[in-house]
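> I'd like to ask you about the structure that follows.
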Amino acid sequence: MMLSKAKLLPLLLLMFTLTANAQEFGGNPPSVKWDQVNTPEVKVIFRRGIDSSGRRVADIIRRINASTAPTIGPKLKPVSILLQDQNTISNAYVGLAPFRSEFYLTAPQNSFMIGSMNWVDQLAIHEYRHVQQYNNFNVGFSRVLSTLFGQGGQALGNALSVPDWFFEGDAVYSETLVSQQGRGRIPFFFNGYRALWAANKNYSYMKLRNGSYKDYVPNHYPLGYMLVGHGREKYGNDAWRKITYDAAWFKRPFYPFQYAVKKHTGASFSSFTNDALTSFKQKFNDAPEVGVAKNQHFIADEEYPAFTGDSAIIYVKSTYKERPVFMERKDGNEREIRIRDVSIDNHFSCSNGKIVYAAYNIDPRWGYITYSDLRLLDATTGEQKTLTTKTRYFSPDISADSKKIVAVETATSGKSKLHILDDSGKLLSVIPTTENVFFTYPKFYGDDKVVSAVRQDDGKMYIALIDIASGKMDKLHSSAVAGFLTVKDNTVYFTASTSTDDLYAYEIVNRKLYKLNGDALRKGIGSYQPTVGNGKLAWTSFTAYGYRLQKTDMNAVQRTEVSTSDTGPLSNYDINSLDKDSATNVLATVTDSSLPITKYSKGYGLFNFHSLFPTVDDPNYAVSIEGQNVLNTFQSSLLFNYNRNEGYKRAGFSGVYGGLYPQIIGAVNYIMDRRGYSVRNNTAVYWNEFESQLGARIPLNFINGTHLTNISFGSDVVYNRTSFQQAYRSLFADRAYTYLNNVFSITNRVSQARQNIYPKFAQTLSVSYKTTVIGSQGYQWLTTGAIYLPGLAANHSLSFTGAYQERNRNNVISFSNNFPFSRGYQAENLYRLKKAGVNYHFPIAYPDAGLANTVYLSRLRANLYFDYTQANDFYTNGTDFKGTFRTVGAELYFDTKWFNQAAITFGIRYAHLLDNDLFSTNRSSDRIELIIPLTIF
């Protein structure tokens with residue numbers, strides 16, 4: 001056996017991760033017109049017509065920057081923020097390389113996850129804290145990297161020195177400080193850790209940082225907030241400014257953040273984290289989980305229970321092995337109804353044997369235009385129909401007779417209305433309202449009224465009884481955060497927040513509010529998504545094993561009458577620094593300054609070169625300067641590459657413009673000192689090449705229920721001119737030719753669960769055809785494809801692969817060879833190649849183990865494979881050449897995280913060659929190769 005030469009990346013490149021992966025290239029149609037608001041802190045760019053949102057973001061940022069900058073640093077560099085209002089996903093990010101931000105303006109329905117403040121306000125106060133962080137972390141060695149490699153260099157330095165939990169925890173602290181809400185006051189935000197503590201699951205710091213494929217682990221947001229909040233409370237408001245400055249500076253080259261914590265707190269990093277988590281654990285002091293084995297892993301999420309007429313319960317079940325599915329549970333038995341279509345959340349409503357829910361969809365070409373369409377599912381037969389298309393409906397409810405539907409319609413302007421539809425999806429009416437409010441989780445109350453949780457613009461909420469015809473709203477009860485309504489008889493059941501999330505019942509006729517208590521309601525953490533039927537109450541609560549469905553008799557539930565004016569204030573969980581800072585609730589002081597609106601040109605900053613990326617892929621050594629404009633419609637690259645084998649140098653420019661329906665692609669390359677060997681003349685030959693390319697691609701994406709399909713096709717015109725150097729011009733004539741590069745690819749797959757290595761069902765096909773149109777004659781046809789099927793167990797995957805390539809018989813033009821040759825062999829570009837293969841992927845173990853806060857192994861998996869390649873060509877005398885290249889082998893993959901930040905998969909491949917390797921000097925039939933990612937960007 002021999003160890004093949006591995007292509008290794010320097011650690012610098014291996015660990016380089018960027019934060020811009022949420023971007024959608026060319027996601028807006030060319031018809032969109034852009035405006036802007038400018039201040040010294042920010043350039044807010046937005047679609048024409050949503051001026052109020054643009055101004056509001058700018059006003060907030062200008063105000064909070066002055067108040068919060070002292071706790072992170074004084075450096076100020078303006079950032080461009082792009083407001084995306086046509087996306088139905090509620091999210092935002094700030095990224096380096098390039099330095100920019102995007103806000104997705106559609107507010108979420110679930111007020112417990114984020115809070116109930118105005119969504120634009122929430123995004124502005126949270127995301128701008130990330131801008132302040134990046135502005136002040138460009139110091140010391142991070143600044144050296146920034147100077148050498150641009151914004152990508154700073155991204156690397158910050159990622160290696162400041163953990164992602166600090167970025168998000170500090171931003172959550174900031175949002176909680178400057179507002180009356182923020183996730184630091186929302187009980188739901190802490191549920192994950194409370195559930196782990198109640199189950200006595202004391203995971204290691206590395207496991208809490210890196211997650212797990214087998215156990216529930218909260219993300220880094222609550223971990224970060226608890227550590228940041230504890231630090232601010234115990235060590236003062238400027239402690240983190242000092243710590244992060246030293247860390248980003250790399251005052252110590254190894255473990256800079258841990259060293260900085262020790263320096264400025266006097267406590268070791270492990271002691272600091274333990275103290276912080278222990279302090280929060282004591283604040284909650286939840287009762288221990290009972291009835292579940294201590295070593296029990298994640299079981300399933302059981303969400304949104306609904307009683308049917310025969311006492312069965314329908315709910316959505318999600319596991320780490322299987323996709324979300326509608327289930328019916330009756331008398332202890334479960335029946336699968338149907339896999340749920342791709343959706344933003346798992347909310348649904350059920351009545352009279354019919355289920356209504358909202359499914360996610362997208363515009364085929366423009367990725368920033370997405371939809372939320374209604375589906376109607378028959379719970380008995382599993383048959384489903386689509387009620388609406390290209391709509392923005394959320395949290396639908398179905399009437400008792402299943403003939404009408406009420407849903408929240410959220411316009412791209414952010415305005416919220418209630419729509420009434422029939423069971424065919426036809427719009428019957430829009431409930432009129434003159435108030436600027438946001439509706440969540442509406443429910444029918446009789447035939448002529450709707451009950452809904454309502455958010456006001458100032459973040460306060462109430463439960464309202466709304467007349468469908470007139471839109472008149474009767475405010476029943478005020479609450480800081482409320483939602484998950486259900487109606488039974490004359491009573492509205494819902495969840496509301498104080499220091500915990502509890503169930504309440506409001507009797508509409510008597511206008512009385514009751515808090516629900518009892519031993520059964522103490523199971524799990526929080527009580528959500530109640531449903532009532534046949535004298536029973538069901539709901540979900542959170543545990544270390546997922547959301548669990550709970551059920552009890554109504555006569556076992558105790559009712560305590562409380563005031564209808566408010567269920568109580570939110571808690572700061574003893575982080576009293578939130579209420580003592582000069583920036584406390586500064587959001588309330590923001591006023592409209594009527595900043596001027598100006599046009600934003602689509603051509604502004606088109607060539608925005610932001611980073612220099614070195615790449616090592618022996619024998620190629622390259623450096624590229626990468627560019628991307630703020631609108632993300634143009635990406636450009638300047639490249640210089642040195643090939644060690646031939647000694648040639650390549651310089652070039654490439655760019656792609658995505659602002660039109662077809663993406664326009666262009667490139668220019670010049671290669672100097674290419675070297676070949678002339679058998680006829682028995683000498684080395686040198687020449688130069690010039691190549692230019694112009695073409696178009698059309699990328700399309702479709703969602704059809706549970707299937708996701710990606711299609712891309714296009715064509716390029718490529719001109720190539722070869723110029724032999726002076727010493728060889730008497731032997732060889734210069735030549736030039738033009739060819740077409742036609743491409744088509746399609747991938748169709750079903751959605752997949754967390755542990756699935758590959759989708760249960762998927763198909764891929766890629767076709768490339770190159771043919772000359774001017775000059776020398778030549779062509780190349782390449783087709784590759786794969787089919788993925790379920791294996792013997794839930795997370796096993798069986799795949800069959802195939803490929804076919806054919807090119808011109810002569811070697812006048814030799815196109816690049818991308819044929820997937822049998823693994824282990826030396827590959828050559830021959831006249832005709834055929835390939836078939838089979839792979840069987842399966843997990844081996846989920847170690848959840850790490851070493852020295854450096855490398856963490858979350859999954860070990862393997863692949864058994866067989867490859868068969870048949871080759872045909874011609875000898876110089878014209879006779880046929882035939883070759884067979886068969887391989888059996890195994891691959892071992894390690895799914896890891898490095899420095900608790902970067903997810904990297906690498907592996908080892910063993911190949912046993914069943915035939916001779918005709919094109920290699922290595923005569924061993926056993927090969928071992930390292931499988932290492934050659935690029936992370």
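The values are calculated or read from the model by the stated rules, or taken from the named source; none is laboratory data. Because the structure is predicted, anything quoted here is derived from the model rather than measured. So basically every Cβ, Gly included, is an ideal-geometry build from the backbone, and we count neighbours across all protein chains shown.
> Looking only at region 744-784, filter to residues that are among the aliphatic types (A, V, I, L, M) and modelled with pLDDT of 95 or more; which one of those is farthest from the chain's Cα centre (by Cα)?
This residue is Leu782.
> For Val630, work out the one condition from (1) under 18 Å from Lys43 (Cα atoms); (2) touching an Asp or Glu at 6+ places or on another chain (Cβ under 8 Å); (3) among the aliphatic types (A, V, I, L, M) it doesn't fulfil.
Every condition holds for Val630 apart from (2).
> Let me ask another. Among residues belonging to region 214-247 that are among the polar types (S, T, N, Q) and over 24 Å from the mean Cα position of the chain (by Cα), point out the one that is modelled with the lowest pLDDT.
So the first thing to find is which residues in region 214-247 are among the polar types (S, T, N, Q), and the list is 219, 237, 244.
Next, from what is left, pick out any that are over 24 Å from the mean Cα position of the chain (by Cα): 237, 244.
On the way: Asn237: 92, Thr244: 98.
Per the criteria, the residue is Asn237.
> State yes or no: is Gln154 under 26 Å from Thr584 (Cα atoms) and touching a Ser or Thr at 6+ places or on another chain (Cβ under 8 Å)?
No, not satisfied.
> Let me ask something else about it. Looking at (1) farther than 27 Å from Phe613 by Cα; (2) surrounded by 16 or more Cβ atoms within 10 Å (Cβ to Cβ); (3) of a type in the set (Asp, Glu), find the lone condition where Glu929 falls short.
(1)
> How many residues are part of a loop (DSSP other than H, G, I, E, B), within 18 Å of Arg209 (Cβ to Cβ) and in contact (Cβ under 8 Å) with a residue 12 or more places away in the chain if we restrict to region 243-297? Give the derivation first.
Initial filter on region 243-297 (part of a loop (DSSP other than H, G, I, E, B)): 250-255, 266-268, 285-297.
The next check asks that each one be within 18 Å of Arg209 (Cβ to Cβ); those that pass are 254-255, 268.
Checking the rest, the ones that are also in contact (Cβ under 8 Å) with a residue 12 or more places away in the chain come to 255.
Number of matching residues: 1.
> I need a count of the residues in region 393-418 that are surrounded by fewer than 20 Cβ atoms within 10 Å (Cβ to Cβ) and within 13 Å of Ile468 (Cα to Cα).
Residues in region 393-418 being surrounded by fewer than 20 Cβ atoms within 10 Å (Cβ to Cβ) and within 13 Å of Ile468 (Cα to Cα): 2 in total.
> Then there is this: Quick one: is Asn741 under 25 Å from the mean Cα position of the chain (by Cα) and crowded, with 17+ Cβ neighbours inside 10 Å?
For Asn741, the condition - under 25 Å from the mean Cα position of the chain (by Cα) and crowded, with 17+ Cβ neighbours inside 10 Å - is not met.
> Just to confirm my filter: which strands (runs of 3 or more DSSP E) fall fully inside region 364-478 and include at least 1 residues that are among the aromatic types (Phe, Trp, Tyr) and closer than 27 Å to Ser52 by Cβ?
Details: elements: 370-378, 384-386, 393-398, 404-410, 416-422, 427-430, 437-445, 449-456, 461-467.
By residue number, 370-378, 393-398, 437-445, 461-467.
> Return a yes/no flag: does region 740-762 have any residue that is assigned to a strand (DSSP E or B) and aromatic (Phe, Trp, Tyr). Let's see the steps before the verdict.
From region 740-762, those assigned to a strand (DSSP E or B) are 740-750, 762; that's our starting set.
Next, from what is left, pick out any that are aromatic (Phe, Trp, Tyr): 744.
Within region 740-762 (the criterion being assigned to a strand (DSSP E or B) and aromatic (Phe, Trp, Tyr)), the answer is yes, since at least one residue qualifies.
> Sticking with this one: Going by the conditions given, is Asn872 farther than 24 Å from Tyr213 by Cα, in contact (Cβ under 8 Å) with a residue 40 or more places away in the chain, surrounded by 14 or more Cβ atoms within 10 Å (Cβ to Cβ) and in contact with a strand residue (DSSP E or B) (Cβ under 9 Å, 6 or more places away or on another chain)? Quick ask: steps written out before the conclusion?
Working: farther than 24 Å from Tyr213 by Cα: yes; in contact (Cβ under 8 Å) with a residue 40 or more places away in the chain: yes; surrounded by 14 or more Cβ atoms within 10 Å (Cβ to Cβ): yes; in contact with a strand residue (DSSP E or B) (Cβ under 9 Å, 6 or more places away or on another chain): yes.
In short, yes.
> Follow-up. Might you check whether a residue that is touching a strand residue (DSSP E or B) at 6+ places or on another chain (Cβ under 7 Å), among the charged types (D, E, K, R), assigned to a strand (DSSP E or B) and crowded, with 18+ Cβ neighbours inside 10 Å occurs anywhere in region 52-59? It would help to see each step written out before you state the result.
At the first step, the residues of region 52-59 found to be touching a strand residue (DSSP E or B) at 6+ places or on another chain (Cβ under 7 Å) are 53-55, 57-58.
Of the ones still in play, those that are also among the charged types (D, E, K, R) are 55.
Still in the running and assigned to a strand (DSSP E or B): none.
Looking through region 52-59, none of the residues is touching a strand residue (DSSP E or B) at 6+ places or on another chain (Cβ under 7 Å), among the charged types (D, E, K, R), assigned to a strand (DSSP E or B) and crowded, with 18+ Cβ neighbours inside 10 Å.
> Evaluate region 76-89: report whether one residue or more is more than 20 Å from Glu409 (Cβ to Cβ), modelled with pLDDT of 95 or more and hydroxyl-bearing (Ser, Thr, Tyr).
Yes, region 76-89 has at least one match.
> Which of the residues belonging to region 625-656 are of a type outside the set (A, V, I, L, M), surrounded by fewer than 18 Cβ atoms within 10 Å (Cβ to Cβ) and either more than 28 Å from Pro30 (Cβ to Cβ) or in contact (Cβ under 8 Å) with a residue 40 or more places away in the chain (or both)?
Phe640, Tyr642, Arg644, Asn645, Glu646, Gly647, Lys649
> May I pose another question? Could you tell me which of the residues Ser90, Ser53, Ser111, Ser146 is over 30 Å from Phe439 (Cβ atoms) and among the polar types (S, T, N, Q)? Full working, then the answer.
Numbers: Ser90 fails: over 30 Å from Phe439 (Cβ atoms); Ser53 fails: over 30 Å from Phe439 (Cβ atoms); Ser111 fails: over 30 Å from Phe439 (Cβ atoms).
Just one listed residue meets the conditions, Ser146.
> A further question on this structure: I'm trying to understand the selection: among the residues of region 298-311, which are in a loop (DSSP other than H, G, I, E, B) and not aliphatic (A, V, I, L, M)?
Result: Phe298, Thr308, Gly309, Asp310, Ser311.
> A further question follows. Considering each of Ser571, Ser582, Ser577 in turn, give the residue that is at pLDDT below 95, among the small types (Gly, Ala, Ser) and under 27 Å from Glu289 (Cα atoms).
Ser571
> Can you work out which of the residues in region 370-390 that are crowded, with 21+ Cβ neighbours inside 10 Å and of a type in the set (Val, Ile, Thr) is nearest to the chain's Cα centre (by Cα)?
This residue is Thr370.
> Which one is nearest to Ser751 (Cα to Cα) among residues in region 691-708 that are surrounded by fewer than 16 Cβ atoms within 10 Å (Cβ to Cβ) and without any contact (Cβ under 8 Å) to a residue 40 or more places away in the chain? Before you say what the answer is, go through the steps one by one.
First, the residues of region 691-708 that are surrounded by fewer than 16 Cβ atoms within 10 Å (Cβ to Cβ): 694, 698, 700, 702, 704.
So of that shortlist, the ones also without any contact (Cβ under 8 Å) to a residue 40 or more places away in the chain come out as 694, 704.
Working: Leu694: 35, Asn704: 11 Å.
Ranking the qualifying residues of region 691-708, first place goes to Asn704.
> Within region 164-182, can one find any residue that is under 21 Å from Lys251 (Cβ atoms), at pLDDT 95 or above, touching a helix residue (DSSP H, G or I) at 6+ places or on another chain (Cβ under 9 Å) and among the hydroxyl-bearing types (Ser, Thr, Tyr)?
Scanning region 164-182, I find no residue that is under 21 Å from Lys251 (Cβ atoms), at pLDDT 95 or above, touching a helix residue (DSSP H, G or I) at 6+ places or on another chain (Cβ under 9 Å) and among the hydroxyl-bearing types (Ser, Thr, Tyr), so the answer is no.
> Is there a residue being modelled with pLDDT under 95 and either in contact with a strand residue (DSSP E or B) (Cβ under 7 Å, 6 or more places away or on another chain) or part of a strand (DSSP E or B) (or both) anywhere in region 312-325?
Yes; the residues of region 312-325 include at least one that is modelled with pLDDT under 95 and either in contact with a strand residue (DSSP E or B) (Cβ under 7 Å, 6 or more places away or on another chain) or part of a strand (DSSP E or B) (or both).
> Within region 34-44, can one find any residue that is of a type outside the set (Val, Ile, Thr), assigned to a loop (DSSP other than H, G, I, E, B) and not assigned by TED's automatic domain parsing to the domain that holds Lys415?
yes
> Determine which member of the set Tyr728, Tyr719 is modelled with pLDDT under 95, aromatic (Phe, Trp, Tyr) and more than 29 Å from the chain's Cα centre (by Cα).
Testing whether each residue is modelled with pLDDT under 95, aromatic (Phe, Trp, Tyr) and more than 29 Å from the chain's Cα centre (by Cα) leaves just Tyr728.
> Follow-up question, since we're still on this one. Given (1) without any contact (Cβ under 8 Å) to a residue 24 or more places away in the chain; (2) not in a loop (DSSP other than H, G, I, E, B), where does Asn817 come up short, assuming only one miss?
That leaves (2) as the condition not met.
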